[in-house]
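Q: Before we start, here is the structure in question, set down as C-alpha cells.
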Amino acid sequence: MPNPQVEIGWVVWLAVGSSAAIWHWVIGRQRRGIDPLPHEPRRPAPWGGADFALVIMAMLLFDSVAVAVLRDAMGVPVDGLRSGEFADVGELETVLGALMIAKVATIVFGIALVRIRHGATWEDLGLSTRRLGRDVAVGVLGFVAIAAPVYGLQAILYHFFSKSHSLIEALQKLPQDRAFVVIGVSVSVVAPWFEEMVFRVFLQGWLEAHQGRLAALVLGERGKRGASGEASLSPAVQGEAAGTSSGEPGDADGQPRPSWMPVLLSSFVFAMLHVGQGPAPAPLFFLALMLGYLYRQTHRVWPSLVVHFLLNSSTLAMLWVSTRG
C-alpha cells in the first residue's frame, strides 16, 4: 500500500525544485537587464481615489446588509465568522452564501461605477481576453514560482505563532464534503475575484495612474536643495517621480515604466486587511507582491487571478487531506 507521507514528500520536493528553477531563470534574466515578463503599457486608469473610496464604502454597506439580513431577518447567528463555530453545514452555507453575494455585488458596483462615470473599457478594467491563453500560462508559472516560498514562510511562522482562521476551524469541526464545497466556492472562486478586482484593478490601477505625484509626495523630501533654495530631487528620486526606477529606461513607445510603489502600497493594504489571522499577513504580503507585479506588467487581471485561485485551492486541498488523515 502506498505511503501517503512518501507521496506528499515527493510532491513537496517537486514543488520546491520547480520553484527554484523558475526563480533561477528569473534572476538570470534580471541580471542581463531583461524583464522576466515584458511590460505592456496602457492608458492610465481613468478612475480616481474617490471612486476607490466609493467601492470600499459599497463593500462595507453590502457586508452590513448581509449581516443584518442574516441576524435580524433570518435569525441566523453570524458569530461563526469570527469563532469558526457553526451549528451545522446548513448554517455555514447560509452565512457564506450571503457574504459571497455581498462580494459579487461590490464587484458589479465597482465595474458599473467606473464604466458609467469614466467610460472605462474592459481593457482598462484588466478584463480583456485578447491574450487569455498566455495569461493563464503566466498565472500557472507564477503559482509554481510563488507557492513554495509562501508555504515555506507560512510554515515557519506557524511554528512560532498560533494560526487562526475561522474557516479553517469550521472545516476542522465540520469535516463534511458539503462544507468543503461551500468554503471552496467562497475561498477559491469568489474571494480571488473580489480581492484581485479591488486591490489590483481598482487600488493599484488608481495608484499607477498617479504614481508620479505619489512618488514625489513620498520621496520628495529626500531631495537636496539647490542654490536657489528650491528642492531638487536626486536622479533616483526623479526616476520614481516620473514613474521609472533608477537605471530603467522607458518603454519602446516612450511611456515611462511604472515604479514598484503602487505594488508595494496595494500589497501592504491587502496584507493588513488579513490582520487577525495569525501570522498570515507576512506571507500574504509576499504573495501580493507577485500578484501586483503580474498585474503591473500585463495590466490584465487573469495572471494574478490564476495564481490566487491555485494557491487558495491548494490550501483547501491540503486541509481536506489533513481532516481525513
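Q: Mind listing the phi-derived Karplus ³J(HN,Hα) values for region 287-300, rounded to whole Hz, using 6.51, -1.76 and 1.60 with θ = phi - 60°, and x for any glycine or proline?
A: Running phi through 6.51 cos²θ - 1.76 cosθ + 1.60 with θ = phi - 60° gives 4, 5, 4, 5, 4, x, 5, 4, 5, 4, 7, 9, 6, 10 Hz.
Q: Extension gain residue 130-residue 14, at 0.36 nm per residue separation less the Cα-Cα distance, in nm?
A: 38.5 nm
Q: Quick one: 3J(HN,Hα) in Hz for region 46-53, Karplus 6.51/-1.76/1.60 with θ = phi - 60°, rounded, Gly and Pro as x.
A: x, 8, x, x, 5, 5, 5, 4
Q: Still on this structure, I have one more. If you plug each phi of region 145-158 into the Karplus form 6.51 cos²θ - 1.76 cosθ + 1.60 with θ = phi - 60°, what whole-Hz ³J(HN,Hα) values come out, in order, with x for Gly and Pro?
A: 6, 9, 4, 4, x, 5, 5, x, 5, 4, 5, 5, 5, 5
Q: If you don't mind, there's one more thing I want to ask. Let's see if you can work this out: charge +1 on each Lys and Arg Cβ, -1 on each Asp and Glu Cβ, no other charges. What is the dipole magnitude of region 90-132 about its Cα centre, in debye to the nearest 20?
A: The dipole magnitude comes to about 280 debye.
Q: Further question on the same structure: Sorted from fewest to most neighbouring beta carbons within 10 Å, what does the list 158, 295, 151 look like?
A: Starting with the residue having the fewest Cβ neighbours, the order is 158, 151, 295.
Q: Please give the contour-minus-distance gain from residue 118 to residue 69: 0.36 nm per residue of separation, less the Cα-Cα distance, rounded to one decimal in nm.
A: The residue 118-residue 69 span can extend by a further 14.4 nm.
Q: For the pair residue 159 and residue 314, how long in nm is the line joining their label points, each one 7 Å along Cα→Cβ?
A: Reported label-point gap for residue 159 and residue 314 is 1.9 nm.
Readers should treat all values here as calculations from the given coordinates under stated rules, not as data from a laboratory. None of these values were measured; they are calculated from a predicted model. Virtual Cβ from ideal backbone geometry, glycine too; neighbours counted across all protein chains shown.
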